[in-house]
Amino acid sequence: MSSPPVSVRCPACGQGLRAVLAASPTTQWFPCPRCHRPVPVVLPRQPPPLYTWEVAQGLYPFFPLPRRPRFKPAQVAAFGLVSIAVIAFALAGVLAYYGWEATAPGSYTISGNLATNSSVGQGSLGGIVVDLTGEGGYHASQATNRFGQFSFSAVPSGGVTLRVNDPLYANTSLVTFVSTVYNAGSTGLVLPLAPAASGNATERLLTPFPDMEAFLATVGGGAVVLVFAGALAAGAAAVVRRPSGAVVGVLGAGAGVGVPVALLLLSLGTPFPYLALGSSVAGAAGAFVLVVEAATLSRTGPMGAPR
């Protein structure tokens with residue numbers, strides 16, 4: 001006749017387990033269902049007293065149940081990955097809105113003045129022709145007033161290039177961008193003039209986007225990267241609590257770290273500082289989760305243990 005089930009508690013993690021003992025040997029070992037450590041169970045003896053500590057009371061010290069750790073790496077990692085996913089999807093939505101809103105029709109005033117250095121400044125800067133090239137084949141030319149000032153009105157949204165081609169000065173150009181969501185500069189522009197000599201041509205870039213097509217391509221690429229990073233982080237958060245979830249957690253954390261890097265490489269952080277701030281938060285969360293999961297892997301290995 002087999003012995004009745006015996007209820008014991010793992011001394012390492014406090015998990016309870018029920019063991020059905022065989023007739024022998026006296027001490028039998030059973031794996032803990034939580035931490036998988038072997039737990040010794042002594043075969044009860046008949047008749048009572050069943051155990052030695054019931055006969056010699058006070059011989060064995062009281063062994064308190066271990067407390068479960070309050071810091072649970074799996075839950076912390078899951079929360080961090082969910083945060084990365086939420087931030088990435090939110091930033092992708094913002095970029096999609098910027099791309100859609102930037103294509104709205106609009107007209108702007110582009111104004112500024114010419115400037116020379118001390119080696120040139122002979123005579124007036126009036127009468128110098130400034131050429132403006134905009135989106136959709138828009139082109140306009142205007143001669144500066146006697147103070148070297150110019151002003152163009154009804155310029156369409158998108159990239160704007162200003163050029164000065166004068167026999168007395170080297171070729172000078174300035175590239176800016178105007179739209180409802182991003183304006184790199186439309187008023188108070190300065191075109192520096194240098195002497196007409198070989199190698200004196202100058203070009204000023206106020207924006208990394210020379211035209212609307214480049215702006216939409218960059219914004220769309222950033223949105224795709226953010227959606228991919230958010231999906232990877234969300235998928236990792238769903239499985240990070242599994243025994244082998246630490247490896248996937250590292251991948252999701254890497255996606256979070258890559259969010260600010262991607263926006264930096266796409267030159268989206270400077271025109272949109274709020275995106276840079278949000279991506280920095282996602283990167284910090286990814287770095288934190290990466291440290292937590294790396295520590296878990298170093299302790300449990302790739303296959304891990306119940307989390």
- Task: Please state which of the following conditions residue 254 fails to meet, knowing it meets all the rest: (1) in contact (Cβ under 8 Å) with a residue 40 or more places away in the chain; (2) under 18 Å from residue 290 (Cβ atoms).
- Result: (1)
- Options 201, 282; residue that is assigned by TED's automatic domain parsing to the domain that holds residue 172 and either touching a residue at least 60 places away in the same chain (Cβ under 8 Å) or more than 16 Å from the chain's Cα centre (by Cα) (or both): 201
- In the range 98-117, residue nearest to residue 278 (Cα to Cα) [restricted to those that are in a helix (DSSP H, G or I) and in contact (Cβ under 8 Å) with a residue 24 or more places away in the chain]: 98
- Would you confirm whether any residue within the range 288-304 is closer than 14 Å to residue 74 by Cβ, basic (Lys, Arg) and either within 17 Å of the chain's Cα centre (by Cα) or not in a helix (DSSP H, G or I) (or both)? no
- Hey, residue 136 within 44 Å of the chain's Cα centre (by Cα), without any contact (Cβ under 8 Å) to a residue 60 or more places away in the chain, in the same structural domain as residue 206 (by TED's automatic domain parsing) and outside any strand (DSSP E or B) or not: yes
- Item | Pair list, Cβ < 6 Å and 6+ apart or interchain, from the range 150-172 residues that are crowded, with 22+ Cβ neighbours inside 10 Å and among the aromatic types (Phe, Trp, Tyr) to residues that are at pLDDT below 90 and part of a loop (DSSP other than H, G, I, E, B) | 169/196
- Query: Name the strands (runs of 3 or more DSSP E) wholly within the range 168-214 that hold at least 2 residues that are within 29 Å of residue 95 (Cα to Cα)?
  - Reply: 172-178, 202-205
- Number of the exception - residue 187 against (1) touching a residue at least 60 places away in the same chain (Cβ under 8 Å); (2) surrounded by 15 or more Cβ atoms within 10 Å (Cβ to Cβ): (2)
- Are any residues in the range 260-282 in contact with a Gly (Cβ under 6 Å, 6 or more places away or on another chain) and buried (at least 20 other Cβ atoms within 10 Å of the Cβ), and if so, which ones? 260, 263, 268, 282
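The values are calculated or read from the model by the stated rules, or taken from the named source; none is laboratory data. On a predicted model such as this, the values are computed, not experimentally measured, just so you know. Cβ coordinates were reconstructed from backbone atoms using ideal geometry, including for glycine residues, and neighbour counts include every protein chain displayed.
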